[in-house]
Amino acid sequence: MKIPNSEILTFSQFEKLLGLAEAKSWQKSYNSEKHQLILEGEDSWEAKVFLPWDQKWDGARLKQYDDFRAALVAIRAGQAVTGLFHQGELIDHKVFRAYMVRQKQGKSQIKYLKTKGKSRAGSRIRLGETNRFFEEINERLNSYQAEFAIDRWGISCAKTLWPYFFNSDVAPPFEAKDGNLYQIPIHFQQASFEELQEAGKILSAFHLLKNPNSSISWELNSVDEEMNSDENW
C-alpha cells in the first residue's frame, strides 16, 4: 500500500524542501481537504506534500497534536474494518463481514438492485445484511466518539456506498463534509486488519508528489536518516 506516485520524506528532508521553496520563492498553500501542503512556482506547482495526520499546519509551520487520536474506517462490498489509533498505536479494531455479494455473478446486492429489484428471498436477505452491515460499522465508530475526543476521522469507501453509510439507521458520528473527516489517500484491497495497520504507518509519514514536468533538481536525500514512516503518531 502506498500513496500513488509518491515518495516518503523524513522530517529532515521535509525541512530541506521548505528551505528549497524559500530559496526559490515558491508560494506555499494548504489544502485542508487533503491535509496537503502545495508549493508553487511562477507557472505551476512544483511539489505537493501529504502531511502526517498527527500534525497540523498553522499557515507557516507544523504543530504536533498533544494527545492525538485518529479513527479510520475502510469499507468494501461485504467487508469493512474500523480502527482507533492513539499516539500511533492501534488500540482497537474490528473487522465486519456481510453476505452482500451474489454468488456466481460476483456482484454486490447494492449494484444488483439498480437493475433487477429485490423481490427474491435471497435478494431480501442480502439487503438486510447490507443494512445491518452499515449499522454495525457506525455503532463501532460511535463508541469511539463516546469514549474519546477524535482529532481526525479517516474514510476509504466507494462513493456508491456513501448513501448507505451516511443514511444508515445508525448514523456515523460525523457528516460527509465535516472538517475533521478526510478521505484516506490509499487503496484498500480487502479492508483487513493488516491493511489497517499499514495505513496507520503510511498516514504518520510525509509523502512527496513531484511535478513530473518540473526541471528542478531534487537533492533532499539524507543517507543515514531513518524514514519517518517508522515513527509513531
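Structural remarks
- Here Glu15 passes the criteria (1) in a strand (DSSP E or B); (2) out of contact with any strand residue (DSSP E or B) (no Cβ under 6 Å at 6 or more places or on another chain); (3) among the charged types (D, E, K, R) except the one numbered (1).
- Qualifying residue in segment 146-167 (condition: without any contact (Cβ under 8 Å) to a residue 40 or more places away in the chain and closer than 25 Å to Asp66 by Cα): yes
- Restricting attention to segment 166-177, the residues being farther than 15 Å from Asn142 by Cα and touching a strand residue (DSSP E or B) at 6+ places or on another chain (Cβ under 7 Å) number 0.
- Filter pass, Glu198 being assigned to a helix (DSSP H, G or I), under 25 Å from Leu51 (Cβ atoms) and free of Cβ contacts under 8 Å to residues at least 24 places away in the same chain: no
- Residue that is surrounded by the most Cβ atoms within 10 Å (Cβ to Cβ) [pool: residues in segment 1-50 that are small (Gly, Ala, Ser) and in contact (Cβ under 8 Å) with a residue 12 or more places away in the chain]: Ala47
- Of the set (1) surrounded by fewer than 18 Cβ atoms within 10 Å (Cβ to Cβ); (2) modelled with pLDDT of 95 or more, all apply to Val81 but (1).
- For segment 86-105, the set of residues classified as in contact with an Asp or Glu (Cβ under 9 Å, 6 or more places away or on another chain) and either at pLDDT below 60 or at positive phi (or both) consists of Gln87, Gly88, listed by residue number.
- For the criterion of being closer than 16 Å to Phe85 by Cα, open to solvent by less than 30 Å² (accessible area, probe 1.4 Å) and modelled with pLDDT of 85 or more, Ile137 fails.
The values are calculated or read from the model by the stated rules, or taken from the named source; none is laboratory data. Please read all numbers here as calculations on a predicted model, not as lab measurements. Glycine gets a Cβ as well: all are built from the backbone with ideal geometry, and neighbour counts include every protein chain shown. With ligands, DNA and RNA removed, areas are computed over all heavy atoms of the protein, side chains included. Shrake-Rupley method; radii C 1.70, N 1.55, O 1.52, S 1.80 Å.
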